[in-house]
Each structure stands twice: as C-alpha cells, then as structure tokens.
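Novice: If you scroll down you'll find the structure; I have some questions about it.
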Amino acid sequence: MKNDNRVKKSILVVEDQEASRSQLKALFEDVYDVVEAESGEKALEILEHDRYKHTIYLIILDLLMPGMTGFDVLDKIKNDSVYSDIPVIVVTSDSDVESEIEALHRGAADLIIKPYNPKVVYHRVINAIQKIEANEARVENILQKGDAQYEKPTAM
C-alpha cells in the first residue's frame, strides 16, 4: 500500500532570469513543489539541504548564467552519487549544436532551446518524472516479492 502522506515531489528550477523562473514555476506549481534558484551556487545549496530528504525529482537548469555556469552545476550534480540519478533538463538560448552535445555528454537528460513552448516543456518534464516513478514502482514490486518469499510460515 502506498503512503499518501509522502512529501510532495519537487522540481528545482535553476535560472538567473526571474521572468523565466516564474514562467516555469507557473507551469508546475499545481502538481509539484517548485524550488527556485537564481544561480548555480544557490542550486547546490538547495541540493545539499535536500541530500537526505530526496524530494527533488528533477532539475531544470539554465546553461548560460553568470558566475557558476549550468555546465559547472551539471558536472557537480553528475559527479555526486546522491544527486547523479536526478534527471536534469537543460535550457539554453544558445542554439549551438556543440553546446547541446556537450550538455548531453555531461549527463543532461534532455535539452530545451529558448524561447520554448511551455506545453512542450511541461510534457518533457512530466514524461521524465513518470519514468522515475515507473522505476520506483518496479523496485518496490521486486522488494515486495522478495519479502513475501522470505516470510515465515504461520503455525497451524
């Protein structure tokens, strides 16, 4: 039986432009908690705070930010065993194919070019989260079967 008292899943939006953060938040706030970070440094602080809670299910990450770039953040996420499984969808206004390839090579799950269609972004995020949930359900099912296999027989 699933626990309906679970913490609401979160999406971390890392974007230096407030208007873009607000637009992304508005897309998802009815379904998920949306946590906002205006910089790469702030995103890493938020992830560190979530390290043992595991509520962040997906990260939307702008590649072109002042200071710590999205590439830097992506590298840190993918090189940390606690965060490396969190899918990262990168967003960029740079339509350079090399940037796209580099982001995917560094572990991005998907890439969206600005200006983006909000409906496309919404469905990409929902699809990524559904894959995570399907994997979690598969693991839970395997664990339950394993537990049932090792249950003690009841006395007659």
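Novice: Does Ile56 meet the test of being in contact with a Ser or Thr (Cβ under 8 Å, 6 or more places away or on another chain), aliphatic (A, V, I, L, M) and open to solvent by less than 80 Å² (accessible area, probe 1.4 Å)?
Specialist: Answer is yes for this residue.
Novice: Could you list, in sequence order, the residues of segment 74-86 that are more than 15 Å from His105 (Cβ to Cβ) and surrounded by 19 or more Cβ atoms within 10 Å (Cβ to Cβ)?
Specialist: Those that are more than 15 Å from His105 (Cβ to Cβ) and surrounded by 19 or more Cβ atoms within 10 Å (Cβ to Cβ): Tyr83, Ile86.
Novice: Within segment 13-31, which residues are within 23 Å of Ile132 (Cβ to Cβ), open to solvent by less than 50 Å² (accessible area, probe 1.4 Å) and either in contact (Cβ under 8 Å) with a residue 60 or more places away in the chain or acidic (Asp, Glu) (or both)?
Specialist: Glu15, Leu24, Leu27, Phe28
Novice: Kindly indicate whether any position in segment 121-133 is open to solvent by 60 Å² or more (accessible area, probe 1.4 Å), touching a strand residue (DSSP E or B) at 6+ places or on another chain (Cβ under 9 Å), basic (Lys, Arg) and modelled with pLDDT under 95.
Specialist: yes
Novice: Would you check which residues across segment 37-53 are within 21 Å of Asp110 (Cα to Cα) and open to solvent by 60 Å² or more (accessible area, probe 1.4 Å) and list them?
Specialist: Across segment 37-53, the qualifying residue is only Glu38.
Novice: I've got another one for you. Across segment 103-120, what is the total count of residues that are modelled with pLDDT of 90 or more and exposed (fewer than 13 other Cβ atoms within 10 Å of the Cβ)?
Specialist: Number of matching residues: 5.
The values are calculated or read from the model by the stated rules, or taken from the named source; none is laboratory data. Given the structure is predicted, the values throughout are model-derived calculations rather than measurements. Cβ: placed from backbone, ideal geometry, glycine included. Neighbour counts: every protein chain shown. We work out accessible area using only protein heavy atoms, side chains counted, and drop any ligands, DNA or RNA first. Shrake-Rupley method; radii C 1.70, N 1.55, O 1.52, S 1.80 Å.
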